[in-house]
1. Mind checking whether some residue in region 130-140 is among the β-branched types (V, I, T) and within 19 Å of K70 (Cα to Cα)?
2. May I ask you to list the residues in region 143-161 that are surrounded by 15 or more Cβ atoms within 10 Å (Cβ to Cβ) and closer than 20 Å to W40 by Cβ?
3. Residues that are of a type in the set (G, A, S) and in contact with a Phe, Trp or Tyr (Cβ under 7 Å, 6 or more places away or on another chain), at least 1 per element: which strands (runs of 3 or more DSSP E) completely within region 1-115 meet that?
4. What are the pairs with Cβ atoms under 7 angstrom where one residue, in region 169-186, is in contact (Cβ under 8 Å) with a residue 24 or more places away in the chain and outside any strand (DSSP E or B) and the other, located anywhere, is surrounded by fewer than 19 Cβ atoms within 10 Å (Cβ to Cβ) and among the charged types (D, E, K, R)? Sequence gap at least six, or different chains.
5. If I ask for residues that are assigned to a loop (DSSP other than H, G, I, E, B) and of a type in the set (S, T, N, Q), which ones from region 139-168 would you list?
6. Here are some residues: E29, E10, E39, E78. Which one is farther than 25 Å from A141 by Cα, surrounded by fewer than 17 Cβ atoms within 10 Å (Cβ to Cβ) and either over 14 Å from the mean Cα position of the chain (by Cα) or among the aliphatic types (A, V, I, L, M) (or both)?
7. Considering L128, L124, which residue is surrounded by 21 or more Cβ atoms within 10 Å (Cβ to Cβ), in contact with a Cys (Cβ under 7 Å, 6 or more places away or on another chain) and part of a helix (DSSP H, G or I)?
Amino acid sequence: MEHLGTQRLETRRLILRRFEPGDMEPMYENCWRHRSVTEWTSYAPMDCLADVQNNAKMFTEKWLCYDDPKRYSWAIEEKATSQVIGRMFGMDPDDSICQVDLAYELGPDWWNRGLMTEAVQAVLTFFLQQVGFNRVFAYHAAGNPASGRVMQKCGMVYEGTLRQAGKCNHGIIDVVCYSMLASDYKNKAAD
């Protein structure tokens with residue numbers, strides 16, 4: 001494996017790039033101010049722009065630092081509008097078993113357009129082909145099946161439902177796990 005950090009990725013409709021300080025307000029307005037987004041997260045809902053830094057501890061100097069080559073945190077920018085509409089991040093990369101946990105958020109005005117599927121496919125390719133992870137996995141709350149549909153559309157394989165294994169703003173929840181192995185990716189590309 002070769003950790004490359006957050007690299008700029010481009011799809012037909014999106015640019016995935018590092019966050020910049022000026023992205024805080026559009027990220028809040030387009031994504032985090034909506035309860036429909038934060039209800040499935042583990043961080044406190046944000047009621048105002050100041051909550052982004054003060055409560056959620058995002059967009060701080062430390063959060064914006066990309067010095068660590070194992071830090072994978074992308075702003076999702078829509079090409080047509082140049083607006084930051086969501087984010088994608090790889091959490092807890094584990095070199096001992098070559099895996100990373102993938103998570104994502106998208107503002108509700110951009111749901112049901114295939115944009116998150118497009119972004120996840122780009123990151124899966126980056127993680128499995130360029131970085132060299134063997135396994136990329138993702139969880140979603142059982143009560144949020146739309147997130148799971150993204151995983152399914154990207155060819156991730158259902159691994160199981162863990163009962164009462166997670167916690168979000170709904171409380172303790174069942175979590176559904178999907179993954180893609182490097183071999184799955186190669187087989188999918190060969191089809």
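The values are calculated or read from the model by the stated rules, or taken from the named source; none is laboratory data. All values derive from a computational prediction rather than experimental measurement. So basically every Cβ, Gly included, is an ideal-geometry build from the backbone, and we count neighbours across all protein chains shown.
1. yes
2. N144, S147, G148, V150, M151, C154, M156
3. 72-78, 83-94, 99-106
4. N169/E39; H170/E39
5. Within region 139-168, N144 is the sole residue that qualifies.
6. Matching residue, one of E29, E10, E39, E78: E10.
7. Just one listed residue meets the conditions, L124.
This table checks each residue for (1) in contact with an Asp or Glu (Cβ under 6 Å, 6 or more places away or on another chain); (2) free of Cβ contacts under 8 Å to residues at least 40 places away in the same chain; (3) closer than 18 Å to N30 by Cβ; (4) crowded, with 20+ Cβ neighbours inside 10 Å.
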| position | (1), (2), (3), (4) |
| --- | --- |
| K62 | no, yes, no, no |
| I85 | yes, no, yes, yes |
| M88 | no, no, yes, yes |
| D95 | no, no, no, no |
| L102 | no, yes, no, yes |
| P108 | no, no, yes, no |
| N112 | no, yes, yes, no |
| L115 | no, no, yes, yes |
